[in-house]
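S.K.: Let me give you the structure first, and then I'll get to my questions.
The values are calculated or read from the model by the stated rules, or taken from the named source; none is laboratory data. Worth saying up front: this structure is predicted, and the values here are computed from it rather than measured. Backbone-built Cβ (ideal geometry, glycine too); neighbour counts: all protein chains shown.
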Number of protein chains: 2
Amino acid sequence: MAQSLSSDRRFHSKDLEAFVARALTALGLPASDAEQVARLMILADLRGADGHGIFRLPQYVRRIRAGGLNVGPNIRVVQETEAMALVDGDDGMGHLVMRFAVQVAMDKAKHAGVSWVGVRQSNHAGPAALYAMMPLERDMIGIYIAVGSANHLPPWGGIDLLLSTNPIAFAIPALEEPPIILDMATTVAAYGKVKTKAQRGEQLPEGWMIDAFGRPLTDPKRAEEGFLLPIGGYKGYGLALIFGLLAGTLNGAAFGRDVIDFNKDDKTPTNTGQVIVALNIAQFSSVETFKRNVDEVIRDMRNSRRMPGVERIRVPGEQSHATWLERSATGVPMNDTLFRDLQRLASDLGVEGLPTSD
Amino acid sequence: MAQSLSSDRRFHSKDLEAFVARALTALGLPASDAEQVARLMILADLRGADGHGIFRLPQYVRRIRAGGLNVGPNIRVVQETEAMALVDGDDGMGHLVMRFAVQVAMDKAKHAGVSWVGVRQSNHAGPAALYAMMPLERDMIGIYIAVGSANHLPPWGGIDLLLSTNPIAFAIPALEEPPIILDMATTVAAYGKVKTKAQRGEQLPEGWMIDAFGRPLTDPKRAEEGFLLPIGGYKGYGLALIFGLLAGTLNGAAFGRDVIDFNKDDKTPTNTGQVIVALNIAQFSSVETFKRNVDEVIRDMRNSRRMPGVERIRVPGEQSHATWLERSATGVPMNDTLFRDLQRLASDLGVEGLPTSD
C-alpha cells in the first residue's frame, strides 16, 4: 500500500487538504466544515486507504450538486443520557456528523467510563478507522460500526443483496508501540478490492466471491453476477446483520432493503447509520499500566515463532501506521487518471487546481 | 444439533438441573449458587450447546477439588461509574460471576442507556449466548465478550499459541420472531468440534486447521500439531486479539501468554476475563417499533431468493431456538459414555445419580 508506481505524482498532504477544502467551500460548505472534511479525507489517503480519501471527492461533489447531501446541516443530539446519545446528522457529510458524534462520545465517556453514540441521517464518512482512532487522543478506546453505503452481500444461502459489508473498527492505545487499529469489512474482500482487480485485469482469488449457484467467481468482470463472501461463512453474515441492526435499525437509520446504493443514486438521502463507542481507560485501571500491557501483548505476538516464508508478524494497524509515516514525509501518491479528474473538477468548480509542480 | 442417536437417553431438564445442583452442593457451593449454575449449565444443553453444558460437570468437579475454583467467592464490584463497572469474581464459578455482572449491567443501563461491565478473576462460564441473552428479559440488547479458557490460535503467520478462540455473542430482541442471537468463536471451527470429529473418526474439512508449515491439516488425530484457522484470515486474528484486550487486559484479567489451559491445569486460578454490554432500547426509540423493525429484517432475510440446494435461510439463533423448543418438550439427549461418567461421579460424590428410567 505504501508503494506507488514510479509514474505517480506525489502531493504534500497540506496541498491536498487545501484543494479539497477549496472545492467543498465552492459548493457551499462553511470554511471550517470544509477544512475538517478535507483533513479527514486526506488522513485516509495518508494511512493508505486510497479508496476512501480524495478519490471520493468527485462522487461527493456529484451528490452535493444533486441535492443528496446537505451543505449546511443542523447536526444535533436528539436523545441522550449521561452515557448514550442519538445524533441526527441532518444529511450532512458523514465526516462532520461522525466528528460531532465522537466529541459527544468522548465527553460522556470521561465521567461515565463508557459511552455509546448512535447516528442517523448521516452519510459515507470514509474509513472506519478514522473515527475509532479519535478517542485515542484522550486515552480512550474507540469502537466504530457503520452500515455500508451499498448492499453487496446476500444472507447466507440467499441471492438477494440485502446486506452491506458493514464494517467495524477498534482502536486501542499502546505506550511505546503504535496503537492497535483493526478496521475490517465483514466480507473476505471489500468491494473496492474487486474493482481494483478488474481495473488491473487480474483474476480474483477463490474465496472472495461466489456466483448465484454458489460456485467460486474469479473473473472480476463478472462481479455484478456474484456476491462477496462473508468472513467465516455464516459468521460473517451474522456479524453484518448484527452491525446493521446496531448501527442502522436501533438509530432509526437505513438497513437492509432500505439502504440506498450511493454509487448509483446521487439524489436520495442515504440516512446512513453509524455508532461510536468510547471507553475511558482511566475508569478501569492506570492508563500507563494498561498501555504497557498492550505493548507487551504486541511484542509477544511479533516475537512468536513464524511459519516458513513469513517475514514479520504484524498487529492490526501496523501497516497503515507505516504508510502514514512514509506518506507524511514523502507525500501522497496519485495516479494520472485521478489527477486529471481532479483538475477537471477544479476548473468545473472555478477553483484553483492541484499544484502542477513540486 | 437437535438430532440424537436413537440409543441416546433423554432427560427432563429439571432432572438434569437437580442432579448438577446436588453435585455442586456436595462440593460446598451454597444451595442457591448451585441451583443457579445448574440452571445455566442445563440451559446450554437445552439450546444444543452440548459441549458447554452438563458435559463440563466432571471438569468443574475436578477443578473444585484441586482448589482451582472458589466455592464461596466474594463476587463484588471493585470500580464503577453510573455506566460501567469492574467486577472481581474472586475465582468463583464463571456462571455466578457473569450472572452477577449482567445484573449490574442491566441496572446501570436502565438509566444510562448503555453499560459496560468488565470481569476479572472469573472462570469458564459456558456458552457466550447465555449471558448476551439475559438482558433480553428487560428489553435490552446484550453483547458478551470473553477470553477463551485455552490458547489454540497463533498470531497470523506465527506458530506460538498466544490466542484463544475468544468468542463474542450478541442478542437482539424481536417482536413475533425469536430473538437474533449470534454466538461465535473467532476461529472457523471451535476446538470442541475438532474433538468431536476425532471421536467419530471423521476427517476435518479443509479450512478448519493448518499445520506448522501452513498446510491444511485434515486428520483430527494430528490436531495437537496444528492450529485453528481464524475467520477471514488476519481479520479473525485481529478480532481474537482485540477481544482479548477488551475482556482480558482492560479488566486486569489473563490474556495471551498468561492464559492457563484449563483442560490441562485444574489448580491454577485462571483469572478469566469477560465483558457484558447492555443497551436499553427504550433510550433509543420505542421498544415496540424497534422490535417490529427487527421482525421485518428477519423476514426479509428469510424470504430472500435462495441458492440451489438451500432449503431455508436462517438468522443467527434460529437453530438454537428450535433445539430449545424441542428439548424442552422431549428432553435432553445424552450418550452412554457421558451417562456412565456422570453416574460414577454421583457415586464418587455420594449423591443421588441421574434417574435410570423415565
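S.K.: Search segment A:32-54 for residues that are closer than 17 Å to residue A:11 by Cβ and pair each with any residue that is β-branched (Val, Ile, Thr) and surrounded by fewer than 22 Cβ atoms within 10 Å (Cβ to Cβ) when their beta-carbon atoms are under 7 Å apart and the residues are at least 6 apart or on different chains.
M.R.: Sorted first by the residue in segment A:32-54, then by its partner, the pairs are A:47/A:323; A:48/A:323.
S.K.: Is one or more of the residues making up segment B:87-97 within 18 Å of residue B:273 (Cβ to Cβ), touching a residue at least 12 places away in the same chain (Cβ under 8 Å) and within 14 Å of chain A (Cβ to nearest Cβ)? Walk me through how you get there before you give the answer.
M.R.: Initially, segment B:87-97 is screened for residues within 18 Å of residue B:273 (Cβ to Cβ), giving B:87-97.
Going one step further and asking which of them are touching a residue at least 12 places away in the same chain (Cβ under 8 Å), we end up with B:87-97.
Now drop any that are not within 14 Å of chain A (Cβ to nearest Cβ), which leaves B:87-88.
Looking for residues that are within 18 Å of residue B:273 (Cβ to Cβ), touching a residue at least 12 places away in the same chain (Cβ under 8 Å) and within 14 Å of chain A (Cβ to nearest Cβ), one finds at least one in segment B:87-97, hence yes.
S.K.: Checking the conditions here, which among B:297, B:259 is among the β-branched types (Val, Ile, Thr) and more than 30 Å from residue A:174 (Cβ to Cβ)?
M.R.: Numbers: B:259 fails: more than 30 Å from residue A:174 (Cβ to Cβ).
Result of the check over B:297, B:259: B:297.
S.K.: Tell me whether segment A:168-184 contains one or more residues that are buried (at least 23 other Cβ atoms within 10 Å of the Cβ), in contact (Cβ under 8 Å) with a residue 12 or more places away in the chain and closer than 30 Å to residue B:311 by Cα.
M.R.: No, segment A:168-184 contains no residue that is buried (at least 23 other Cβ atoms within 10 Å of the Cβ), in contact (Cβ under 8 Å) with a residue 12 or more places away in the chain and closer than 30 Å to residue B:311 by Cα.
S.K.: Continuing with this model, one more query. Which residues, taken from segment A:187-201, are assigned to a loop (DSSP other than H, G, I, E, B) and either assigned by TED's automatic domain parsing to the domain that holds residue A:157 or surrounded by 12 or more Cβ atoms within 10 Å (Cβ to Cβ) (or both)? Working first, answer last.
M.R.: From segment A:187-201, those assigned to a loop (DSSP other than H, G, I, E, B) are A:188-190, A:201; that's our starting set.
Selection gives A:188, A:189, A:190.
S.K.: Could you please let me know if residue B:117 is touching a Lys or Arg at 6+ places or on another chain (Cβ under 9 Å) and not basic (Lys, Arg)?
M.R.: Working: touching a Lys or Arg at 6+ places or on another chain (Cβ under 9 Å): yes; not basic (Lys, Arg): yes.
Against the criterion (touching a Lys or Arg at 6+ places or on another chain (Cβ under 9 Å) and not basic (Lys, Arg)), residue B:117 qualifies.
S.K.: Only one of (1) outside any strand (DSSP E or B); (2) over 25 Å from residue A:116 (Cβ atoms) is not met by residue B:121, so which one is it?
M.R.: (1)
S.K.: Which members of segment A:21-60 meet the condition of being acidic (Asp, Glu) and touching a strand residue (DSSP E or B) at 6+ places or on another chain (Cβ under 8 Å)?
M.R.: We begin by selecting, within segment A:21-60, every residue acidic (Asp, Glu); these are A:33, A:35, A:45, A:50.
Result: A:45, single match.
S.K.: More than 10 Å from chain A (Cβ to nearest Cβ), more than 22 Å from residue B:133 (Cβ to Cβ) and touching an Asp or Glu at 6+ places or on another chain (Cβ under 9 Å), is that true of residue B:71?
M.R.: Numbers: more than 10 Å from chain A (Cβ to nearest Cβ): yes; more than 22 Å from residue B:133 (Cβ to Cβ): yes; touching an Asp or Glu at 6+ places or on another chain (Cβ under 9 Å): yes.
In short, yes.
S.K.: Give me the residue from segment B:251-273 that is among the hydroxyl-bearing types (Ser, Thr, Tyr) and part of a loop (DSSP other than H, G, I, E, B) and, out of that set, nearest to residue A:116 (Cα to Cα). Explain how you work it out, then say what you get.
M.R.: Step one: filter segment B:251-273 for residues among the hydroxyl-bearing types (Ser, Thr, Tyr), giving B:268, B:270, B:272.
Retained after the next criterion (residues that are part of a loop (DSSP other than H, G, I, E, B)): B:268, B:270.
On the way: B:268: 37, B:270: 31 Å.
Ranking the candidates gives B:270 first.
Residue-wise test of (1) among the small types (Gly, Ala, Ser); (2) under 30 Å from residue B:67 (Cα atoms); (3) part of a helix (DSSP H, G or I).
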{"position": "B:275", "(1), (2), (3)": "no, yes, no"}
{"position": "B:285", "(1), (2), (3)": "yes, no, no"}
{"position": "B:289", "(1), (2), (3)": "no, no, yes"}
{"position": "B:292", "(1), (2), (3)": "no, no, yes"}
{"position": "B:310", "(1), (2), (3)": "no, no, no"}
{"position": "B:327", "(1), (2), (3)": "no, no, yes"}
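S.K.: For residue B:238, only one of the following conditions fails: (1) under 25 Å from residue A:298 (Cβ atoms); (2) modelled with pLDDT under 95. What is its number?
M.R.: Only one criterion is unmet by residue B:238, namely (2).
S.K.: Quick test for you: out of B:104, B:77, pick the one residue that is of a type in the set (A, V, I, L, M) and either touching a Gly at 6+ places or on another chain (Cβ under 9 Å) or surrounded by 16 or more Cβ atoms within 10 Å (Cβ to Cβ) (or both). Break it down into steps so the answer makes sense when it comes.
M.R.: Numbers: B:77 fails: either touching a Gly at 6+ places or on another chain (Cβ under 9 Å) or surrounded by 16 or more Cβ atoms within 10 Å (Cβ to Cβ) (or both).
The conditions single out B:104.
S.K.: A follow-up question, please. Looking at segment A:298-308, is at least one residue at pLDDT 95 or above, at the interface with chain B (Cβ under 8 Å from one of its Cβ atoms), buried (at least 23 other Cβ atoms within 10 Å of the Cβ) and more than 25 Å from residue A:125 (Cβ to Cβ)?
M.R.: Yes, the conditions are met somewhere in segment A:298-308.
S.K.: Another question, if that's okay. Given (1) touching a helix residue (DSSP H, G or I) at 6+ places or on another chain (Cβ under 7 Å); (2) more than 14 Å from chain B (Cβ to nearest Cβ); (3) in a helix (DSSP H, G or I), identify the lone condition not met by residue A:103.
M.R.: Condition (1) is where residue A:103 drops out.
S.K.: Turning to a different aspect of this structure: Please go through segment B:227-250 and give me each residue that is facing chain A (nearest Cβ under 7 Å) and either over 19 Å from the mean Cα position of the chain (by Cα) or outside any helix (DSSP H, G or I) (or both), ordered by number.
M.R.: Within segment B:227-250, B:231, B:232, B:235, B:238, B:249, B:250 meet the criteria.
S.K.: Which residue is modelled with the lowest pLDDT, if the candidates are limited to segment A:162-191 and must be within 30 Å of residue B:314 (Cβ to Cβ) and of a type in the set (Gly, Ala, Ser)?
M.R.: Initially, segment A:162-191 is screened for residues within 30 Å of residue B:314 (Cβ to Cβ), giving A:162-170, A:182-191.
From what's left, of a type in the set (Gly, Ala, Ser): A:164, A:169, A:185, A:189-190.
Details: A:164: 93, A:169: 98, A:185: 94, A:189: 88, A:190: 82.
Filtering segment A:162-191 for residues that are within 30 Å of residue B:314 (Cβ to Cβ) and of a type in the set (Gly, Ala, Ser), the one modelled with the lowest pLDDT comes out as A:190.
S.K.: To continue, here is another question. From the list A:146, A:83, A:112, A:129, which one is in contact with a Gly (Cβ under 8 Å, 6 or more places away or on another chain), at pLDDT 95 or above and more than 23 Å from residue A:183 (Cα to Cα)? Step through it out loud before you land on a result.
M.R.: Working: A:146 fails: more than 23 Å from residue A:183 (Cα to Cα); A:112 fails: in contact with a Gly (Cβ under 8 Å, 6 or more places away or on another chain); A:129 fails: more than 23 Å from residue A:183 (Cα to Cα).
Unique residue meeting the criteria: A:83.
S.K.: When the residues of segment A:192-215 are filtered to those that are within 14 Å of chain B (Cβ to nearest Cβ) and farther than 29 Å from residue B:311 by Cβ, which remaining residue is modelled with the lowest pLDDT? Step through it out loud before you land on a result.
M.R.: Looking only at segment A:192-215, we keep the residues that are within 14 Å of chain B (Cβ to nearest Cβ), and these are A:193, A:205-215.
This time we only want the ones that are farther than 29 Å from residue B:311 by Cβ, so: A:193, A:205.
On the way: A:193: 83, A:205: 91.
Looking at the filtered set, the residue picked out is A:193.
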